[in-house]
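The values are calculated or read from the model by the stated rules, or taken from the named source; none is laboratory data. These figures come from a predicted structure and were not determined experimentally. Every residue, glycine as well, gets a Cβ built from its backbone with ideal geometry; the counts of neighbours run over all protein chains shown.
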Amino acid sequence: MRLGVLTGGGDCPGLNAAIRAIAHRAWMFGDQLYGFREGWAGLLGDGNASLLGQEEIAGILHLGGTILGSSRTNPARSESEMRQVEENLRRRDIDGLVTIGGDDTLSVSARLSARGFAVVGVPKTIDNDVPHTDYCIGFDTATDIVGEALDRLHTTAESHRRVMVVEVMGRDAGWLAMVGGVGGGADLIIIPEERSTLDGVVHHVQHRMESRQFSIVVVAEGAQVEGIESTTSSSVDQFGHALLATRGIGTRLAEAIESRLGVEARVTVLGHVQRGGSPSMFDRVLATRMGATAVDYLHEGRVGVMTAIQGLEIVPVAFADVTGHNRTVDRRFFRLVEQFNTVEESAASHSHHT
């Protein structure tokens, strides 16, 4: 077969491991593999693709980013662009396409699949919010980065008796904030799934400062805190998402805490640090399994699906079940966080009495 591969949306660690696995599995079958450059942009106009060989794939397992480049191009916004995509696939006689991406890439893949093309998706996003898969490529590495940042901020927060507000990525789902925050010992985690009020945050931080003299607050960039004005910018990407970097929830939260409590509060916005660098072992193995399985699916004629990990199994999930939905943080995580908050509060009041 002649296969194609592209990486769309925001980059993350593990994309190259997936590309490498797709290539090696394709070569096992005697297939040719074409890499389309800069996401869906590589299928517009005259197209931008090249045949991938051993030389292109050698030594990329541990590299962050993507050798194919990526973009947030959305051909599904116009019929003429979808026709250009089809034309480019036909011109190169592509029998099957593997798309590695998050919600947006998968939604375009679903459109292409509905038009009769053989497409298999591979989920990647540090937000981990694609439905029906326990993990997406890039999430594990990003949580490690958040955890390491919190470890480092703990020591400086304690030394200076400060409040540290750490803003992490997460537009609609707070997986990164939640898992990174629990693992990194944050004492307050604010995510898009939960209603938060400035009064509640201030009360919590005040309590914590009285008992421990420092506080670590993790906030997802997409979280809303009642009582803090949202300076949503009008700029959006091609998929209509507001550019969250301009919202600055972390900065405004730190300012509000400082002015309400009169304690020093500092903000750290982790930003693109979370997307960069070498993938964790978990992400390398996940990407390798998903990439290889995607090629198997194309050979089995199982198309219009995404590779998902459920437990230890890689399973196919239909695009229709994935697109237009978000996988939000499991309620059981809230119990975990609440438990530490109450334990800390009761321990603090106990030490006051003694």
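Key figures for this structure:
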| item | result |
| --- | --- |
| When residues of segment 254-293 are limited to those that are among the β-branched types (Val, Ile, Thr) and assigned to a helix (DSSP H, G or I), the one nearest to residue 306 (Cα to Cα) | 293 |
| Filter pass, residue 232 being at pLDDT 95 or above, β-branched (Val, Ile, Thr) and either out of contact with any Ser or Thr (no Cβ under 7 Å at 6 or more places or on another chain) or closer than 30 Å to residue 138 by Cβ (or both) | no |
| Within segment 179-198, considering residues that are touching a strand residue (DSSP E or B) at 6+ places or on another chain (Cβ under 6 Å) and among the hydrophobic types (A, V, I, L, M, F, W, C), the one farthest from residue 339 (Cα to Cα) | 198 |
| Residue 163 vs. criteria in contact (Cβ under 8 Å) with a residue 40 or more places away in the chain, on the phi < 0 side of the Ramachandran plot and crowded, with 24+ Cβ neighbours inside 10 Å | yes |
| Selection within segment 308-319 - in contact with a helix residue (DSSP H, G or I) (Cβ under 7 Å, 6 or more places away or on another chain) and either modelled with pLDDT under 95 or farther than 22 Å from residue 172 by Cβ (or both) | 314, 316 |
| Which numbered condition residue 140 misses (of (1) surrounded by 24 or more Cβ atoms within 10 Å (Cβ to Cβ); (2) closer than 24 Å to residue 272 by Cα; (3) modelled with pLDDT of 95 or more) | (1) |
| Selection status of residue 298, under 30 Å from residue 196 (Cβ atoms), touching a residue at least 12 places away in the same chain (Cβ under 8 Å) and out of contact with any Cys (no Cβ under 6 Å at 6 or more places or on another chain) | no |
| For residue 146: the one exception among (1) part of a helix (DSSP H, G or I); (2) surrounded by fewer than 24 Cβ atoms within 10 Å (Cβ to Cβ) | (2) |
| Qualifying residue in segment 288-306 (condition: modelled with pLDDT of 95 or more and either within 16 Å of the chain's Cα centre (by Cα) or basic (Lys, Arg) (or both)) | yes |
| Test result for residue 253, closer than 22 Å to residue 152 by Cα, in the same structural domain as residue 209 (by TED's automatic domain parsing) and either at pLDDT 95 or above or not acidic (Asp, Glu) (or both) | yes |
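For every residue, the table says whether it meets (1) under 17 Å from the mean Cα position of the chain (by Cα); (2) of a type in the set (Val, Ile, Thr).
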| site | (1), (2) |
| --- | --- |
| 86 | no, no |
| 91 | no, no |
| 98 | no, yes |
| 123 | yes, no |
| 126 | yes, yes |
| 157 | no, no |
| 181 | yes, no |
